[in-house]
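A.B. asks: Below is the structure I would like to discuss, written out as structure tokens.
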Amino acid sequence: MIQKTFPKEKDELIFIISLPGMTRKCALNLLSIFGSPSGVLEAMSKGSFQVELHRAWTRWSALARGYRRGHSLKTLASRRIGVVVSGEDSYPWLLKEIADPPLALFIKGNLPPPDSVFIAIVGSRNPTPYGVEVAKKLGRELSAAGVCVVSGAAAGIDSAAHRGALELNGFTIAVLGCGVDIAYPASNRLLLESIRKNGCLISEYPPGIKPDKFRFPERNRIIAGMCNGVVVVEAAEKSGALVTAECALSENREVFAVPGSIFSPKSAGTNFLIKNGATPVTCANDIFEGIGISKTAMVSRGSNERKKTLDLLSEMEAMIVNAINDGYVYPEEISNRCSIESRLALSLLSQLELKGIIAMGSGGVYFSRIQ
Amino acid sequence: MLASCDGATLVGLESQIVRVEVDVMNGIPSFEIVGLPDACVRESRIRVKSAIKNSGFEFPNKRIHVNLAPGDLRKEGASFDFPIALAILEASGQLDYSKPRSFIVAGELSLDGGVREVHGAISIALGAREAGKSFIILPEGNAREAAIVPDLEVYGVSSLCDAVGFLRGSAPLPRVKVDADSILNTDKRIGPDFAEIKGQEHAKRAIEVAAAGGHNLLLIGPPGSGKTMLASRLPSILPPLTLEESLEVTRIHSAAGLIPPGEALVTERPFRSPGCSTTAVGLTGGGQPLPRPGEVSLAHCGVLYLDEITLFNRNALESLRAPLESGSVTIVRSMISVTFPASFSLVASMNPCPCGYLGDVLKDCSCALHAIQKYRSILSGPLFDRIDMHVGVPRLRKEYLRRKSPSEPSSKIRKRVSKARAIQRERLSSEPIYCNAKMSGKMVDRYCTVSSSGESFLADAFDKLGFSARSYHKILKVARTIADLAGSEIIEIEHLAEAVQYRFLDRDDGHAF
């Protein structure tokens, strides 16, 4: 989103937030002391205070004296970074309700469509293949239903959730713990780029802010705050995802958890959540029920879709799709079930995969992508 | 008195004729060997002395000097025992030649005067013929092997006495004769056969494609799924060795001392499976003072199987790059440089993840994603680039193992493979290569004609499945081979679609496998 007009107050606020060393708390304090952004700026540029309000005060004073009106927003606009401040219409409405909403959100990409439903999918950065598969599946199913998938673009579950949503070109939002111009983790650079194209990157930190450790819990509060519900896919006993779940609880959002093996340490966190009252999730429908949105229409559309897709396929292709209906199947098993030559089966599998009807999962096994 | 006799030593696969000069003179009795002998050659003093005495001759109680010329070449091995003994006998007046002096003799002596086999008989024979020698005397066990070389008289002896009798002309020996063609053509194959493997049709098909196009293959599957069993049967479907190939393989195996006594030729394609602790030198060859062929050369014209490739030492794997690229290894030492042929099909196996059970139907994988990525990254890089096909080998359910239906025997598959190879040879007749796997990027563009629907399929596949650029040529090459197996000149969708299946480790998100 790029602002055409540069409202004075918004520009001043952005300037203050972007001051080096400025924290949300400090900005809020200054605003409450001086009443408005322009008040803060005036006090700063005068710089004459008996008590130094902050150890960076003198530096800020110098910078404030160089403040040029409209410049902050213009610079952001030239870098194709949008910004929404609290109080604006496009500010995520759920986020307004939380205890300490961010003063402004920096956005790279498109704003989510109005009246969307937001669901967060979070979890371990070092998941098992099971977790990855579940996150992808939920991401896919949610975006198929038009839900906006929100996550943190971290490695592991977060990435898988984004990827699942992107597979169906669904709108997905990555809330970052650093400036939106910084690709972190670096291995997700391409993923962040495709999220930007198909959705947006959001951060409460101005561009250029490095990913510090303390920013991620703060980021988690935004993820929880802007969503109708939070799904924890896989989380160990001490996991950042549990922080997100806690934020969600304290903001009265619905918390969902994907059950896992009781022997898997990576599912200890999610199983703990379920024990303490979180709704267990096995498919997107559980989520819709949990947040009170009826998706029965969606489901019936799904089964129609399946019949329609199968009708379009050749007899052989349909036979293969039916053969892999019951979960994850090796090519070997598929040719056995259909009793066809394996070279034929292999060739048909690739073609079905390109049609988007089946996909390959962990370990070279195939699963069906139509419900 | 002076006397001399010609022996030979191996430098790589080439034999170098070594003139053994002996001087027996008056003085304090001693026995000295010069000419850069290694410990083994120096020890021949003991063997020669006893062998001469125990063969009924007299060991001269004089000062004996032995010189091995050329003096600047390091000599190794026990094969000089025999020429040293003959030269001493001549120098001490116990051997008068009735035969021409133009011959080579090689063999290790035992204390009782018997003669033992040496390494590299066939190379020594080839060297003798090149040098224009009229005959060659070898231990009996080596004689058939050397007799493969045409236009050279070969005599096998079992003891020092036999040789002396033969050279004096008092006890003639039969010339050893061997017909190479008949050895090659009598099929005595009793090696492992694909008919013995139940199920795994998918992997078998992949191996057939790999055999037909000479592609390198990576088998991925949980422990106990039969990766080694499958790989060890690849030689049985490769086209039979030609005489030329067989000679080359025999030379290499002979130099390594792997030819059993009495055998003439290696008639089966070799299958080498070095363990995962093999060092770089073990793979490529080397050693002091003269380099020996390593596993890559021993697998020449056959299959090199690296089981659990991720457990191999990184250096060792990197050392495979040159042979995979050029089909030979060159070992350079300060004094010499030696080239061994090493043109082999690489088959590697690995588990899908550290615990081995990722994607398994019977057991859950307990690995974290990081661990899997780290495990995979061992393979990434230049070696991975030279592997054309990735094949999943799942564990089979018991039902399939119990099934009675017979599997296709190797001989049938081999026929299809040979046919596809013939097609390739004809197509590539103007190029210096003979199979699809060796095609360069330019050749891929020239020889891989894709149908128009195939083109759009390929574009689609790259878009949706996230293949990297390097996969492009590999997919086309493998598709070319699949089309050749099907006898189609144009590469159609179905060929490409199958080829895509053999590249699944390439998909860009890294979570696919």
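The values are calculated or read from the model by the stated rules, or taken from the named source; none is laboratory data. Keep in mind that this is a model prediction, so the values were computed, not measured. Quick reminder, even Gly has a Cβ in these numbers, built from the backbone with ideal geometry, and neighbours come from all protein chains shown. We work out accessible area using only protein heavy atoms, side chains counted, and drop any ligands, DNA or RNA first. Shrake-Rupley method; radii C 1.70, N 1.55, O 1.52, S 1.80 Å.
A.B. asks: Taking chain A as the reference, fit the longest principal axis to its C-alpha atoms, fit the long axis of helix A:24-34 to the helix C-alpha atoms, and give the angle between the two in degrees, 0 to 90, nearest 10.
C.D. replies: 40
A.B. asks: Can you give the % of DSSP beta bridges in the stretch A:109-295 that are antiparallel, to the nearest 5? Display every interim value, and only then the final one.
C.D. replies: Details: 1 of 20 bridges.
Roughly 5 percent of the beta bridges in the stretch A:109-295 run antiparallel, per DSSP.
A.B. asks: At a 1.4 Å probe radius, carbon and sulfur cover how many percent of the accessible area of the stretch A:109-295? Don't skip to the answer; put the middle values down first.
C.D. replies: Working: 3900 of 7090 Å².
On the stretch A:109-295, the fraction of accessible area on carbon and sulfur atoms equals 55 percent.
A.B. asks: Could you list, in their original order, any pairs among B:Lys412/B:Lys442; B:Lys227/B:Lys398; B:Lys204/B:Lys474; B:Lys204/B:Lys415; B:Lys227/B:Lys442; A:Lys137/A:Lys210 whose Cα atoms are separated by more than 25 Å? Walk me through the numbers on the way to the answer.
C.D. replies: On the way: B:Lys412/B:Lys442 33 Å; B:Lys227/B:Lys398 17 Å; B:Lys204/B:Lys474 19 Å; B:Lys204/B:Lys415 15 Å; B:Lys227/B:Lys442 34 Å; A:Lys137/A:Lys210 31 Å.
Beyond 25 Å between Cα atoms: B:Lys412/B:Lys442; B:Lys227/B:Lys442; A:Lys137/A:Lys210.
A.B. asks: Cβ under 13 Å from A:Ala236's Cβ, A:Ala236 left aside: what net charge do those residues give with Lys, Arg +1 and Asp, Glu -1? Numbers along the way, then the final one.
C.D. replies: On the way: positive: A:Arg125, A:Lys238, A:Lys266; negative: A:Glu234, A:Glu237.
Taking every Cβ under 13 Å from that of A:Ala236, the sum is +1.
A.B. asks: Assign unit charges at the C-beta atoms only (+1 for Lys and Arg, -1 for Asp and Glu), then state the dipole size of the stretch B:174-217 relative to its Cα centre in Debye, rounded to the nearest 20. Write down the numbers at each step before the final one.
C.D. replies: Details: 7 positive and 7 negative charges, 31 e Å.
Magnitude of the dipole: close to 140 debye.
A.B. asks: For the stretch B:248-382, with the dipole built from +1 on Lys and Arg beta-carbon atoms and -1 on Asp and Glu ones, taken about the Cα centre, which of B:Ser334, B:Thr278, B:Leu311 lies farthest toward the positive end?
C.D. replies: Working it through, the farthest residue towards the positive pole turns out to be B:Ser334.
A.B. asks: How large is the translational diffusion coefficient of chain B in µm² per second when you combine the Kirkwood radius over alpha carbon pairs with Stokes-Einstein at 20 °C and 1.002 mPa s? Show your work: numbers first, answer last.
C.D. replies: On the way: Rh = 25.6 Å.
After rounding, the answer is 84 µm²/s.
A.B. asks: List the pairs from A:Lys136/A:Lys355; A:Lys355/B:Lys363; A:Lys213/A:Lys238; A:Lys8/A:Lys197; A:Lys108/B:Lys374 whose alpha-carbon separation is above 22 Å, in the order I gave them. Spell out each step's value before the answer.
C.D. replies: On the way: A:Lys136/A:Lys355 18 Å; A:Lys355/B:Lys363 31 Å; A:Lys213/A:Lys238 15 Å; A:Lys8/A:Lys197 30 Å; A:Lys108/B:Lys374 32 Å.
From A:Lys136/A:Lys355; A:Lys355/B:Lys363; A:Lys213/A:Lys238; A:Lys8/A:Lys197; A:Lys108/B:Lys374, over 22 Å: A:Lys355/B:Lys363; A:Lys8/A:Lys197; A:Lys108/B:Lys374.
A.B. asks: Roughly how crowded by other chains is peptide B:199-210, in terms of the mean Cβ count from those chains within 10 Å of each of its Cβ atoms? Each step should come with its number before you reach the end.
C.D. replies: Values: counts 3, 2, 8, 12, 3, 2, 9, 3, 0, 1, 1, 0.
Taking the mean over all residues of the peptide, I get 4.
A.B. asks: Go ahead and estimate [θ] at 222 nm for chain A from helices alone: -39,500 (n - 2.57) per DSSP H run with n ≥ 4, summed, over the residue count, rounded to 500.
C.D. replies: My calculation for chain A gives -14000 deg cm²/dmol from helical runs alone.
A.B. asks: Right, here's the next one. I'm checking a number: the convex hull volume of the Cα atoms of the stretch A:312-368, normalised per residue, in Å³. What is it? Could you put the intermediate results ahead of the total?
C.D. replies: Values: hull volume 3.8 nm³, N = 57.
Hull volume normalised by residue count: 67 Å³.
A.B. asks: Where both partners of a DSSP beta bridge lie in the protein assembly as shown, what percent of those bridges are antiparallel, to the nearest 5? Can you show the working numbers first?
C.D. replies: On the way: 39 of 88 bridges.
Percentage antiparallel, nearest 5: 45.
A.B. asks: Please state the charge dipole magnitude for the protein assembly as shown, taken about the Cα centre, from unit charges on C-beta atoms (+1 on K and R, -1 on D and E), reported in debye and rounded to the nearest 20.
C.D. replies: Details: 103 positive and 94 negative charges, 360 e Å.
Using only the charged Cβ atoms, the result is roughly 1720 debye.
A.B. asks: Hey, what angle do you get for helix A:8-17 against the long axis of chain A, alpha-carbon based, 0 to 90 degrees rounded to 10?
C.D. replies: 80
A.B. asks: While we're looking at this one, here's another question. Please sort by residue number the GluC sites (Glu not before Pro) in the stretch B:429-497 whose DSSP state is loop and whose Cβ has at most 16 other Cβ atoms within 10 Å.
C.D. replies: Details: sites: B:Glu455, B:Glu489, B:Glu492, B:Glu494; in loops: B:Glu489, B:Glu492.
Hits after loop and neighbour filter: B:Glu489.
A.B. asks: Hey, another quick one. Please report the antiparallel percentage of the DSSP beta bridges confined to chain B, to the nearest 5.
C.D. replies: Numbers: 27 of 56 bridges.
The answer is about 50 percent antiparallel.
A.B. asks: If you don't mind, there's one more thing I want to ask. Treating the angle as unsigned and between 0 and 90°, give the value, to the nearest 10°, between the Cα long axis of helix A:240-250 and the longest Cα principal axis of chain A.
C.D. replies: 70
A.B. asks: I want the local charge near A:Val150. Using Cβ-Cβ distances under 12 Å, sum +1 for each Lys or Arg and -1 for each Asp or Glu among the other residues. It would help to have the intermediate numbers written out before the result.
C.D. replies: Values: positive: A:Arg219, A:Arg253; negative: A:Asp158.
Every neighbour counted, the sum reads +1.
A.B. asks: Let me ask you something else. Select from B:Leu485, B:His495, B:Ser440 the residue farthest towards the positive end of the dipole of the stretch B:433-513; place +1 on Cβ of Lys and Arg, -1 on Cβ of Asp and Glu, and compute about the Cα centre.
C.D. replies: B:Ser440
A.B. asks: Something else about it: Counting only helical runs of four or more DSSP H residues, what would the 222 nm mean residue ellipticity of chain B come to if each run contributes -39,500 (n - 2.57) and the total is spread over all its residues? Mind dumping the intermediate values first?
C.D. replies: Details: 22 runs with 193 residues, N = 513.
Value at 222 nm, helices only: -10500 deg cm²/dmol.
A.B. asks: For the stretch A:109-295, place one equal point scatterer on every Cα, skip the solvent, and apply the Debye formula. What is log10 of I(q)/I(0) at q = 0.10, 0.13 Å⁻¹?
C.D. replies: Reported log10 I(q)/I(0), two decimals: -0.32, -0.56.
A.B. asks: State to the nearest 20 debye the size of the charge dipole of the stretch A:109-295 about its Cα centre, where the only charges are +1 on K and R beta carbons and -1 on D and E beta carbons. List each step's numbers first, then the result.
C.D. replies: On the way: 18 positive and 17 negative charges, 79 e Å.
That gives a dipole near 380 debye.
A.B. asks: Another question, if that's okay. Chains A and B: how much accessible area gets covered up at their contact, both sides added, probe 1.4 Å, in Å² to the nearest hundred? Intermediate values should be presented prior to the final figure.
C.D. replies: On the way: alone 18140 and 22290 Å², together 37450 Å².
Between A and B, the summed buried area is about 3000 Å².
A.B. asks: While we're here: Report the accessible area of B:Asp96, computed with a 1.4 Å probe over the heavy atoms of all protein chains in place, in Å² rounded to the nearest 10.
C.D. replies: Solvent-accessible area, nearest 10 Å²: 110 Å².
A.B. asks: Say R0 is 41 Å: what FRET efficiency, to the nearest 0.05, do A:Lys8 and B:Ser451 get from their beta-carbon distance?
C.D. replies: Working: r = 64 Å, r/R0 = 1.57.
According to the calculation, E is roughly 0.05.
A.B. asks: May I ask for the net charge around B:Gly107, where only other residues with Cβ less than 10 Å from the Cβ of B:Gly107 are counted and Lys, Arg are +1 while Asp, Glu are -1? Before the final figure, lay out the partial values.
C.D. replies: Numbers: positive: B:Arg116; negative: B:Asp81, B:Glu108, B:Glu117, B:Glu140.
Taking every other residue near B:Gly107 into account, the sum is -3.
A.B. asks: Report, please, the projected area of the stretch B:64-109 averaged over directions, based on the convex hull of its C-alpha atoms, in nm². Mind showing how you got there, number by number?
C.D. replies: On the way: hull surface 15.5 nm².
Projected area, direction-averaged: 3.9 nm².
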